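The values are calculated or read from the model by the stated rules, or taken from the named source; none is laboratory data. Since the structure is predicted, the reported quantities are computational estimates derived from the model, not experimental observations. Glycine gets a Cβ as well: all are built from the backbone with ideal geometry, and neighbour counts include every protein chain shown.
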Amino acid sequence: MKKYIIYLFLVPMLISIFSCSEDKIDTLGAGILTGTVIEQGTNEPIENVKVTIVSSNVSVLTNATGDFVLNNVQVGEQSISAKKNGYLASFEAITMVSGGSLTLILEMSIETTNNDSPSQPELVSPDDNAIDLELSVDLSWTSTDPEEDELIFKIELRNDQDSDLLIFDDIMDETFTLTQLNYGVRYFWQVSVSDGINPEVWSTTRSFSTVDTPNHRFLFTRKISGNGIVFSGGFDSNNDPVELQLTSSSNNSWRTRKNNNTGLIAFLRSNGVETHLYSMNPDGSNIQQITNTVPVSGFDLEQIDFCWSNNGAKLLYTNFDKLYSINRDGSGLTLVYQTLDGSFISECDITVDESMIALKTNDVNGYNISVFTINMSGTILNTVLSGVNGAAGGLNFSVDNSKLLYTHDVSGYESVDQRQLDTHIFIYDFGTTTATDLSQSKPVGFLDLDPRFSPNEAEVIYTHTSNDEVSENKIQSLNIASVGTRNDLFLNANMPDWE
């Protein structure tokens, strides 16, 4: 009996011993947890995140690459938390085994629940419905953010001429300058703001209108960075010059001729290796190519000139030894005249009644000049200049067909680079067959080039420059009745037109 009692006493003790031994192993077991905390959506690492074992409150901070290490993580199921201001807390459950090693990726989302949107942008300037603004307009507005988050603005710009929408984004300031606006257009603008957290907030819409296209009567060409740029010009109430750039600086454009009956300006432009005639509106819009199959060609493209018919239905232009007529829409290409000796036609002009055409021809070196007139059948009518040395050009009929402007280098100098030394402006009278020198007051060492009659023919407009070929060109006007009176009009300019 005593034997059984001993056995009964030992069994509970053994059970208790084995049970205690198993509990002790679970409590003391541990593992290593490594991991990285990243931003949800961007996967960018987040620094200084507090990573905690919830059950033991043991914590570490992530380093610059978002990494962390937790040693001695108790075995069994554990909850891991990640917390940082500006982010939603993240929790992850793991199961650690004794002596084990786990790697964990924790994603955290930006806290937006308590982040307020920035205020609606308030448009400050220009005033709503402002009018007669220049082609460069300064926009300004204000907006604030409760949390002082970094704000990014966007502008949407529309107009009443077409359906174009211009967007200017990633603006960090509360000001923005619109440039290269068009004349006579009403613009509508609106600003949005974003703090990068909340949906963007839009302002109300305002409008403003630009000034109407100025009625400039002068046209000229200016060389900028190797390209010819076409400008129109006029004068303000203080008689100071006002200029408007009509063609892009990225294109080589020159030699303008305006036709008042169509309101169009024709000009020459480089197109690859060729030169062609183009037309545009007085504000530089609606540029259209006119010539196509037969380009403008000849000796020294910068000396070549063309002309409109008075009604603007067609233009005359040159191609080496040929003179062509073409409709302003590019149709109706017609050969008008071809030289008999193969000399190049460099310039032309046509009378208002289209009864007579003036031509300037030269040889392949730019000399052996002839200036003469023909009728529409190609019959030579008048010889104005021939058998002289030196360069010539600048043809322009008077409105009554009685006179013709031209230039001639009276020095007679000829060289391979076509340098001119003493070029004068002359008016040839068809009735008396005599030429009057308008450049008697011209300073020695200077040139008068590219003359055009003023609209009332009381003056002549022309390019005035030194013969050193490097000095600045300027456009002057000269009173025909008082040839000693010269007036500077536009600086750094040549190839004038006055309509």
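Could you please give the count of residues in segment 327-340 that are over 30 Å from D417 (Cβ atoms) and in a strand (DSSP E or B)? It would help to see each step written out before you state the result.
Restricting attention to segment 327-340, the residues satisfying the condition of being over 30 Å from D417 (Cβ atoms) are 327-336.
Narrowing the set further to residues that are in a strand (DSSP E or B) leaves 327, 334-336.
Qualifying residue count for the region: 4.
Kindly indicate whether E499 is of a type in the set (D, E, K, R) and under 16 Å from K258 (Cα atoms). Talk me through it step by step, then tell me what you get.
Working: of a type in the set (D, E, K, R): yes; under 16 Å from K258 (Cα atoms): yes.
Yes; evaluated as a whole, the condition is true for this residue.
Could you figure out which of (1) free of Cβ contacts under 8 Å to residues at least 40 places away in the same chain; (2) of a type in the set (S, T, N, Q); (3) surrounded by fewer than 16 Cβ atoms within 10 Å (Cβ to Cβ) isn't true of N473?
(3)
Name every residue in segment 423-432 that is part of a loop (DSSP other than H, G, I, E, B) and in contact (Cβ under 8 Å) with a residue 12 or more places away in the chain, in order of residue number. Let's see the steps before the verdict.
Initial filter on segment 423-432 (part of a loop (DSSP other than H, G, I, E, B)): 430-432.
Result: F430, G431.
How many residues does segment 255-302 hold that are within 20 Å of G332 (Cβ to Cβ) and in a loop (DSSP other than H, G, I, E, B)?
Qualifying residue count, segment 255-302: 9.
Could you list, in sequence order, all residues of segment 438-469 that are among the charged types (D, E, K, R) and without any contact (Cβ under 8 Å) to a residue 24 or more places away in the chain? Show your work before the answer.
Filtering segment 438-469 for residues among the charged types (D, E, K, R) gives 442, 448, 450, 452, 457, 459, 468-469.
Within segment 438-469, K442, E459, D468 qualify.
Condition check: modelled with pLDDT of 95 or more, touching a Ser or Thr at 6+ places or on another chain (Cβ under 7 Å) and surrounded by 17 or more Cβ atoms within 10 Å (Cβ to Cβ). Does L268 satisfy that? Show your work before the answer.
Values: modelled with pLDDT of 95 or more: yes; touching a Ser or Thr at 6+ places or on another chain (Cβ under 7 Å): yes; surrounded by 17 or more Cβ atoms within 10 Å (Cβ to Cβ): yes.
Answer is yes for this residue.
Quick check on segment 303-326. Is at least one of its residues among the small types (G, A, S), assigned to a strand (DSSP E or B) and out of contact with any Lys or Arg (no Cβ under 9 Å at 6 or more places or on another chain)? Full working, then the answer.
Within segment 303-326, the subset among the small types (G, A, S) is 309, 312-313, 325.
Next, only the ones that are assigned to a strand (DSSP E or B) stay: 325.
Then keep just the ones that are out of contact with any Lys or Arg (no Cβ under 9 Å at 6 or more places or on another chain); that gives none.
The answer is no, given that none of the residues of segment 303-326 is among the small types (G, A, S), assigned to a strand (DSSP E or B) and out of contact with any Lys or Arg (no Cβ under 9 Å at 6 or more places or on another chain).
Picking from Y428, Y406, which residue would you name as being surrounded by 13 or more Cβ atoms within 10 Å (Cβ to Cβ) and either of a type in the set (G, A, S) or within 20 Å of T339 (Cβ to Cβ) (or both)?
Working: Y428 fails: either of a type in the set (G, A, S) or within 20 Å of T339 (Cβ to Cβ) (or both).
Result of the check over Y428, Y406: Y406.
If Q420 satisfies all but one of (1) touching a residue at least 24 places away in the same chain (Cβ under 8 Å); (2) closer than 27 Å to H216 by Cβ; (3) assigned to a loop (DSSP other than H, G, I, E, B); (4) not aliphatic (A, V, I, L, M), what's the number of the condition it fails?
Checking Q420 against (1) touching a residue at least 24 places away in the same chain (Cβ under 8 Å); (2) closer than 27 Å to H216 by Cβ; (3) assigned to a loop (DSSP other than H, G, I, E, B); (4) not aliphatic (A, V, I, L, M), the one that fails is (2).
Just give me the residues in segment 191-228 being under 24 Å from the mean Cα position of the chain (by Cα) and within 16 Å of L151 (Cα to Cα), in sequence order.
Answer for segment 191-228, where residues must be under 24 Å from the mean Cα position of the chain (by Cα) and within 16 Å of L151 (Cα to Cα): just V191.
Identify all residues within segment 465-499 that are basic (K, R) and either farther than 21 Å from W254 by Cα or in a loop (DSSP other than H, G, I, E, B) (or both); write none if there are none.
Our first condition is that a residue be basic (K, R); within segment 465-499, this holds for 474, 486.
Of everything in segment 465-499, just one residue is basic (K, R) and either farther than 21 Å from W254 by Cα or in a loop (DSSP other than H, G, I, E, B) (or both), namely R486.
Inspect all residues belonging to segment 194-201 and state whether any of them is of a type in the set (G, A, S), within 30 Å of Y87 (Cβ to Cβ) and either modelled with pLDDT of 90 or more or assigned by TED's automatic domain parsing to the domain that holds G394 (or both). Explain how you work it out, then say what you get.
Step one: list which residues in segment 194-201 are of a type in the set (G, A, S), which gives 194, 196.
Add one more test, that the residue is within 30 Å of Y87 (Cβ to Cβ), and what stays is 194, 196.
In the following step, the residues that additionally are either modelled with pLDDT of 90 or more or assigned by TED's automatic domain parsing to the domain that holds G394 (or both) were identified as 194.
The answer is yes; a qualifying residue exists.
Can you find a residue that is within 30 Å of T42 (Cβ to Cβ), touching a residue at least 24 places away in the same chain (Cβ under 8 Å) and either surrounded by 13 or more Cβ atoms within 10 Å (Cβ to Cβ) or out of contact with any strand residue (DSSP E or B) (no Cβ under 8 Å at 6 or more places or on another chain) (or both) anywhere in segment 216-223?
So in segment 216-223, the residues within 30 Å of T42 (Cβ to Cβ) come out as none.
No.
Considering only residues that are modelled with pLDDT of 95 or more and farther than 12 Å from L33 by Cβ, look in segment 65-77 and name the one that is surrounded by the most Cβ atoms within 10 Å (Cβ to Cβ).
G66
For residues in segment 370-407 being under 45 Å from the mean Cα position of the chain (by Cα) and of a type in the set (S, T, N, Q), which is nearest to L335 (Cα to Cα)? Show your work before the answer.
Step one: filter segment 370-407 for residues under 45 Å from the mean Cα position of the chain (by Cα), giving 370-374, 376, 390-401, 403-407.
With the extra rule that they be of a type in the set (S, T, N, Q), the set shrinks to 370, 373, 396, 398, 401, 407.
Numbers: S370: 20, T373: 17, N396: 22, S398: 25, N401: 23, T407: 27 Å.
Step by step, filter segment 370-407, then rank; the result is T373.
So which residues in segment 420-437 are in contact with a His (Cβ under 8 Å, 6 or more places away or on another chain) and within 20 Å of Q303 (Cβ to Cβ)? Break it down stepwise before answering.
Taking segment 420-437 first, the residues in contact with a His (Cβ under 8 Å, 6 or more places away or on another chain) are 423-424, 426, 437.
Once the filter is applied, which keeps residues that are in contact with a His (Cβ under 8 Å, 6 or more places away or on another chain) and within 20 Å of Q303 (Cβ to Cβ), segment 420-437 yields T423, H424, F426.
Restricting attention to segment 444-464, does a residue exist that is aliphatic (A, V, I, L, M), touching a Ser or Thr at 6+ places or on another chain (Cβ under 6 Å) and assigned to a loop (DSSP other than H, G, I, E, B)? Steps first, please.
Pass one, segment 444-464, residues aliphatic (A, V, I, L, M): 444, 447, 449, 458, 460-461.
Right, trim to touching a Ser or Thr at 6+ places or on another chain (Cβ under 6 Å) and you get 447, 449, 461.
Retained after the next criterion (residues that are assigned to a loop (DSSP other than H, G, I, E, B)): none.
No, there is no match, as no residue in segment 444-464 is aliphatic (A, V, I, L, M), touching a Ser or Thr at 6+ places or on another chain (Cβ under 6 Å) and assigned to a loop (DSSP other than H, G, I, E, B).
Return only the number of the condition from (1) surrounded by 14 or more Cβ atoms within 10 Å (Cβ to Cβ); (2) touching a Phe, Trp or Tyr at 6+ places or on another chain (Cβ under 7 Å); (3) among the β-branched types (V, I, T) that T383 does not satisfy.
(1)
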